[in-house]
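Report on the structure given below.
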Amino acid sequence: MEVQDVYKVLLIFELQIFNAVAMNMIVRLNTVAEYNNKVGQETMHPLISIVDFSKTEPFYYFRMQLGFYAIFLKDVKCGDMVYGNSTYDYEEGTLVFVAPNQVYGFEDRTEKRRGKGKALLFHPDLIHGTALGRNIRYYSFFSYEVNEALHLSTRERTIIDDCLEKIGYELEHAIDSHSKTLIVSYLELFLNYCKRFYDRQFITRSNVNKDILTKFEKVIDDYFAKNMASELGLPSVSYCADKLFLSPNYLGDLLKRETGKSAQEHIQLKLIDIAKEKIYEPGKSISEIAYELGFKHPQHFTRMFKKEVGVSPVEYRSMN
């Protein structure tokens with residue numbers, strides 16, 4: 001092979017590597033304006049934007065990490081969305097919530113496409129110093145996985161569209177002393193409706209939720225049955241959620257809605273039940289039981305047991 005041919009082969013190889021890297025490249029977009037520029041959308045306000053994808057220029061779908069909140073309203077299926085390491089299809093009339101610094105995007109660079117649906121983007125700076133800014137952490141659906149998205153009914157979709165229209169009106173209006181107050185108020189209204197609609201979704205999926213509750217209990221039982229606690233410590237909500245292919249926040253909200261107790265409370269109750277059984281085992285000290293249950297310090301186990309049961313493990317043993 002001649003030297004010139006070798007250079008050609010090396011050039012092709014380098015291009016293949018570059019394309020492979022580019023396919024997995026994550027684009028960091030820190031501002032709303034940067035996202036607007038990426039999709040060909042005019043920036044009417046530096047901290048909030050409503051993107052109507054039917055009016056934007058075609059663009060390559062890409063993976064990105066956003067420095068702001070994003071809510072995507074999709075009308076039709078338009079390819080696979082990658083969130084973390086999982087891929088999901090959009091459903092019709094679906095709301096997907098993305099918090100700052102989460103990675104998401106579309107893996108498709110074969111051709112430019114015009115998206116469908118809308119996106120509501122807002123920067124944390126917009127809500128700093130407001131009631132919404134203080135309470136934004138309570139909108140836990142921003143930490144849900146894409147497969148836990150909110151599916152809207154026809155009437156709910158009408159309400160969502162109305163909220164977007166109100167925000168859009170303010171963005172088109174000249175900025176004045178009332179703009180921020182009204183925009184943040186409509187944004188908070190939008191998010192509060194989403195909380196209500198998620199409650200409805202938990203209710204309508206009650207049978208599925210009960211199945212998840214059963215599986216959740218089994219995950220905890222298996223964890224202690226396999227003596228994983230003594231090696232790895234107490235089971236966490238994140239561990240249980242991962243085993244159920246759910247996000248910790250979604251699992252916690254689901255359990256709270258179904259049982260009135262948080263996921264952490266469920267784990268503690270199961271822990272107490274197992275502890276009571278172990279206390280009956282002859283020849284086993286309270287410290288040994290604590291270590292087997294995943295406690296690094298026996299006094300932490302004693303404190304938790306007394307708080308939940310009303311007496312210490314030693315007192316419980318002597319009473320029974």
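Computed from the coordinates by the stated procedures, all read-outs in this text should not be read as laboratory data. Fair warning: this is a prediction, and the values are worked out from it, not measured in the lab. Cβ coordinates were reconstructed from backbone atoms using ideal geometry, including for glycine residues, and neighbour counts include every protein chain displayed.
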Check: Put +1 on the Cβ of each Lys and Arg and -1 on the Cβ of each Asp and Glu in segment 206-319; which of Ser247, Ser285, Gly310 then has its Cα farthest toward the positive end of the dipole?
Finding: Gly310
Check: Where the convex hull is taken over the Cα atoms of segment 26-204, what is its projected area averaged over directions, in nm²?
Finding: 9.7
Item checked: segment 26-204, relative contact order [Cα under 8 Å, separation at least 6], % -> 23
Next item on the list: With the Cα gyration tensor of segment 211-276 in hand, give its eigenvalues times 5 under a square root as the equivalent ellipsoid semi-axes, listed largest first in whole angstrom.
Entry: 19, 13, 10
Checklist line | Descending principal axes extents, the chain, alpha-carbon based, whole Å | finding: 77, 72, 37
Check: Say each of Gln102 and Asn30 gets a label point 7 Å from the Cα, pointing the same way as Cα to Cβ; how far apart are those two points in nm?
Finding: 2.3
Check: Once label points are set 7 Å from the Cα along Cα→Cβ at both Met44 and Glu172, what is their separation, rounded to one decimal in nm?
Finding: 0.6
Margin query: If the only charges are +1 at each Lys and Arg Cβ and -1 at each Asp and Glu Cβ, what is the size of the charge dipole of the chain around the Cα centre, to the nearest 20 debye?
Written below: 840
Check: Based on Cβ point charges of +1 for Lys and Arg and -1 for Asp and Glu, what charge dipole magnitude is obtained for segment 206-319 about its Cα centre, in debye rounded to the nearest 20?
Finding: 220
Notebook entry, point to check: When only DSSP loop residues count, what trypsin sites (Lys or Arg not before Pro) in segment 280-317 have their Cβ near at most 14 other Cβ atoms within 10 Å?
Noted result: Lys284, Lys296
Check: Once the Cβ-Cβ distance between Lys261 and Gln65 is put in as r, and R0 is 45 Å, what FRET efficiency do you end up with, to the nearest 0.05?
Finding: 0.85
Notebook entry, point to check: Under a GNM of the chain (C-alpha, springs under 10 Å), which listed residue has the highest mean-square fluctuation: Ile212, Ile220, Ile279?
Noted result: Ile279
Checklist line | Rg in Å to one decimal, and Dmax rounded to a whole Å, for segment 113-216 via C-alpha atoms | finding: 16.3, 54
Notebook entry, point to check: What is the projected area of the convex hull of the Cα atoms of segment 206-319, averaged over all directions, in nm²?
Noted result: 7.3
Margin query: Could you work out [θ]222 nm for the chain from helices alone, using -39500 (n - 2.57) per DSSP H run of at least four and dividing by all its residues? Round to the nearest 500 deg cm²/dmol.
Written below: -16500 deg cm²/dmol
Notebook entry, point to check: So, counting K/R as plus one and D/E as minus one, what does the shell of residues with Cβ under 14 Å around Glu308 add up to?
Noted result: +3
Notebook entry, point to check: If each residue's Cβ is checked for other Cβ atoms within 10 Å, how do Phe202, Phe305, Phe72 rank with the fewest at the top?
Noted result: Phe202, Phe72, Phe305
Check: Mean separation of Cα pairs under 8 Å and 6+ residues apart, divided by the residue count of the chain: what relative contact order is that in percent?
Finding: 13
Item checked: In nm, spacing of pseudo-spin labels at Asp211 and Leu189 (7 Å Cα→C-beta vector) -> 3.8
